[in-house]
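S.K.: The structure follows.
The values are calculated or read from the model by the stated rules, or taken from the named source; none is laboratory data. Keep in mind that what you see is a predicted model, and the values were worked out from it rather than measured. Reconstructed Cβ throughout: ideal geometry from the backbone, glycine too, with neighbour counts over all protein chains shown. For the accessible areas, the whole protein counts, side chains as well, though only heavy atoms, and no ligand, DNA or RNA atoms are used. Shrake-Rupley method; radii C 1.70, N 1.55, O 1.52, S 1.80 Å.
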Amino acid sequence: MILRKIKISVLSVIVFVLLSACGHPLPTVPTNIADQKKSVLVLSPPSVDIKLQQKLLQNLNMWKQSDLIAYEWIQQVNVVDEQLVQKISHTPYSYIIILGNELLPTALDAAVKTADKRWIIFQDAVNANEIVIPATANVALHQIDPANVITQWDGWVMRQEALGLTIQWVTNSANPIPIRWAPSEEADHILQFDLYGASWFTQLAYQVKANQAKWIALYTPVDTTTLQTIKSLNIPIINLKETGSIILNWDTILTELLDIIHLNNFKKGIFTYNPEEIIINTQ
């Protein structure tokens, strides 16, 4: 009987040890590590092109794996309406990221209603009017500064000159070419639509041939018919007045965005894209 009790006691100890080892609770995640986990909500309009969609998805998935940044991406958004405001208010997003100009007005209104959230808005076109961010909105707005557009083009113009590539300028009297791009002694490199009227194309063809132009640079908006007529000269065209001629370098922008999220380096205000964040589109 005593031997049986001893066996039972020993067996109980062994079972206890095994259960203790196998059932050892998982270590609790330290609070400071849990606090590091972040989540973002991305809102994008229908105009976002497929290449940017693919790039953004690739980066969001990478951030999720390597930096523990959860994300939700709502596409085809036309306005940041009250339903989205309620969703944002009741979800612990670390950042709300807005792509494109279309959502700017309603995003600013929504930011006022969700002042505890951090909003990062990336404009992709020059705004005709000055933007004012409400004081109560927690917004970082990144934009193309109209005053710096000419500066952004300086490098491209200078490179063509350094390569000996002649530029044929096309504009009108309301949009004079900056003198540093086309000095007065090169007046024959400039065509003004309103100066030549209906014979503008004949004059343009003559100047392109005479100057052996390698580029036609438009410095005034043109309609589709006019553009197609100019294209018939088979000379590369670049439109300095078209928003699409300046595109955003999303590789750089997304890398910097990750730093902001990862390091909690958010600052509210209006910020101008730097030269590394903008690409001159010559296609």
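S.K.: Can you give me the three principal axis dimensions of region 78-143 from its C-alpha atoms, in Å, biggest first?
M.R.: Principal axes ranked by extent give 34, 24, 17 Å for the Cα atoms.
S.K.: Using a Förster radius of 35 Å, what is the FRET efficiency between Ser173 and Thr252 based on their Cβ-Cβ separation? Nearest 0.05, please. Please list the in-between numbers first.
M.R.: On the way: r = 38 Å, r/R0 = 1.08.
With R0 = 35 Å, the Cβ-Cβ based efficiency is 0.40.
S.K.: What spacing in nm lies between the two simple spin-label points modelled at Ser89 and Asp154, each 7 Å away from Cα in the Cβ direction?
M.R.: 4.8 nm
S.K.: Could you please report the charge total around Arg159, scoring K, R as +1 and D, E as -1 over all other residues with beta-carbon less than 15 angstrom from its beta-carbon?
M.R.: On the way: positive: Arg180, Lys214; negative: Asp154, Glu161.
Combined, the nearby Lys, Arg, Asp and Glu give 0.
S.K.: I would also like to ask the following. Applying a 10 Å radius around every beta-carbon, put 267-275, 202-210, 97-105 in order of their mean neighbour count, most first. Can you show the working numbers first?
M.R.: Details: 267-275: 13.4, 202-210: 15.3, 97-105: 20.9.
Per-residue mean Cβ counts within 10 Å order the peptides as 97-105, 202-210, 267-275.
S.K.: Roughly how many nanometres apart are two label points built 7 Å out from the Cα toward the Cβ at Lys37 and Glu276?
M.R.: Going by the 7 Å Cα→Cβ label model, 3.2 nm.
S.K.: On to the next question. Which entries in the list Lys38/Lys267; Lys55/Lys231; Lys51/Lys268 go over 27 Å, if you measure between the two C-alpha atoms of each? Mind showing how you got there, number by number?
M.R.: Numbers: Lys38/Lys267 17 Å; Lys55/Lys231 31 Å; Lys51/Lys268 29 Å.
Pairs exceeding the cut-off: Lys55/Lys231; Lys51/Lys268.
S.K.: Figure the gain on full extension for Glu186 and Val132 (residue separation times 0.36 nm, minus the Cα-Cα span) and round it to one decimal in nm.
M.R.: On the way: separation 54, 0.36 × 54 = 19.44 nm, distance 4.10 nm.
Net length gain for the segment: 15.3 nm.
S.K.: Sticking with this structure for a sec: Taking every DSSP beta bridge with both residues inside region 151-283, roughly what % is antiparallel (nearest 5)?
M.R.: Roughly 25 percent of the DSSP beta bridges within region 151-283 come out antiparallel.
S.K.: Using modelled amide H (1.01 Å from N, peptide plane; none on Pro or chain starts), what sits under 5 Å from the amide H of Ala140, excluding residues fewer than 5 places away?
M.R.: Under 5 Å from the amide H of Ala140: Trp119, Ile120, Ile121, Gly269.
S.K.: Counting only protein chains, not ligands or nucleic acids, how are Lys51, Lys241 ordered by accessible area (probe 1.4 Å), most first? Let's see the in-between values first.
M.R.: On the way: Lys51 155, Lys241 90 Å².
Order by accessible area, largest first: Lys51, Lys241.
S.K.: Work out the FRET efficiency for Asp145 and Val112 from their Cβ-Cβ distance, taking R0 = 22 Å, and round it to the nearest 0.05.
M.R.: Working: r = 24 Å, r/R0 = 1.09.
The value I calculate is 0.40.
S.K.: Which far-off residues, 5 or more places away or on another chain, put their amide H under 5 Å from the one on Thr220, with H placed in the peptide plane?
M.R.: Those lying under 5 Å, H to H, from Thr220 are Lys241.
S.K.: Further question: What does the C-alpha gyration tensor say about the overall shape of region 41-113? Classify as rounded when a/c is under 1.5, otherwise prolate if a/b is larger than b/c, or oblate. Intermediate values should be presented prior to the final figure.
M.R.: Details: a/c = 2.54, a/b = 1.26, b/c = 2.02.
Oblate is the answer for region 41-113, as a/c is 1.5 or above yet b/c matches or exceeds a/b.
S.K.: Here is a further query. What aspartates and glutamates does Lys37 reach when the alpha-carbon gap must be under 13 Å and sequence neighbours fewer than 8 apart in one chain are set aside?
M.R.: Asp67
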